[in-house]
Amino acid sequence: MAKALFPGSFDPLTNGHLDIIARASKLFDEVVIGVGTNTSKKALFSATEKLQLIEGATTRFDNVSVSLMSGLTVDFMAEINAEYLVRGLRNATDYEYERDIAEMNRQLAGIETILLMAKPVNQNISSSILKEVAKFGANIDHLVPDNINKALQERFHEKKE
Ligand code: ADP
């Protein structure tokens, strides 16, 4: 059985991530989305919030689950018995970065990294740019799943009690 891990920050999940998840779910028997908990990037959503949002956006995939992860990716992969690492590629900058990490993971644990590309309409979506424009009220309906859009609107535009 081929099991893959798709790790990331997912702050928040976008249609770009979802495109990669849909592709991976067809390629592998099982896909685990690993939500990073110790990233140095300052996050808008907590790891638990991200986990719940991703679960809400991926219910249609029978073979996809979501987990919180910390520590080395290769250690987490050993823990869950995943032999493939999935990452997405948007552009040449992503490629350079992913190539170095893939090589490191191959050296550390013999792991194969599978790099997937989203379809053109989803290719340039980035969580950081999305957050910037969402903050100023831009329409992001076509860039994120509905539940994420709602969470972003709540975070930026509605007062919490
Ligand atoms: P990280 O901080 O680990 O890069 P991200 O949430 O930014 O976490 O990205 C997780 C993975 O999803 C990365 O491999 C990234 O390249 C990929 N990804 C993000 N957006 C897109 C997109 N629009 N198209 C393809 N891959 C994407």
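Of note:
- Some residue of the range 133-154 being within 16 Å of the ligand (Cβ to nearest atom), open to solvent by 60 Å² or more (accessible area, probe 1.4 Å) and over 22 Å from G56 (Cβ atoms): no
- Condition check for Y95 on (1) at pLDDT below 95; (2) open to solvent by 60 Å² or more (accessible area, probe 1.4 Å): one failure, at (1).
- Output for the range 68-92, where each listed residue is assigned to a loop (DSSP other than H, G, I, E, B) and either open to solvent by less than 20 Å² (accessible area, probe 1.4 Å) or more than 21 Å from R23 (Cα to Cα) (or both): S70, G71, L72, A82
- Subset of the range 108-127 [modelled with pLDDT of 95 or more, part of a helix (DSSP H, G or I) and open to solvent by 70 Å² or more (accessible area, probe 1.4 Å)]: P120, V121
- Within the range 16-63, the set of residues being away from the ligand (no atom under 14 Å from the Cβ) and either on the phi > 0 side of the Ramachandran plot or among the aliphatic types (A, V, I, L, M) (or both) comprises just one member, L27.
- Residue match in the range 119-133 (condition: under 20 Å from F28 (Cα atoms) and touching a strand residue (DSSP E or B) at 6+ places or on another chain (Cβ under 8 Å)): no
- Checking each residue in the range 18-34 for being closer than 18 Å to T73 by Cα and open to solvent by 20 Å² or more (accessible area, probe 1.4 Å) picks out only E30.
- Among the residues listed as T48, T59, the single one being part of a helix (DSSP H, G or I), under 28 Å from N149 (Cα atoms), open to solvent by 20 Å² or more (accessible area, probe 1.4 Å) and free of Cβ contacts under 8 Å to residues at least 24 places away in the same chain: T48
- Selection within the range 98-107 - polar (S, T, N, Q) and open to solvent by less than 100 Å² (accessible area, probe 1.4 Å): N105
The values are calculated or read from the model by the stated rules, or taken from the named source; none is laboratory data. All figures in this text were calculated on a predicted structure; none of them were measured in a lab. Neighbour counts run over all protein chains shown; Cβ positions are idealised from the backbone, glycine included. Only protein heavy atoms, including side chains, enter the accessible area calculation; ligands, DNA and RNA are left aside. Shrake-Rupley method; radii C 1.70, N 1.55, O 1.52, S 1.80 Å.
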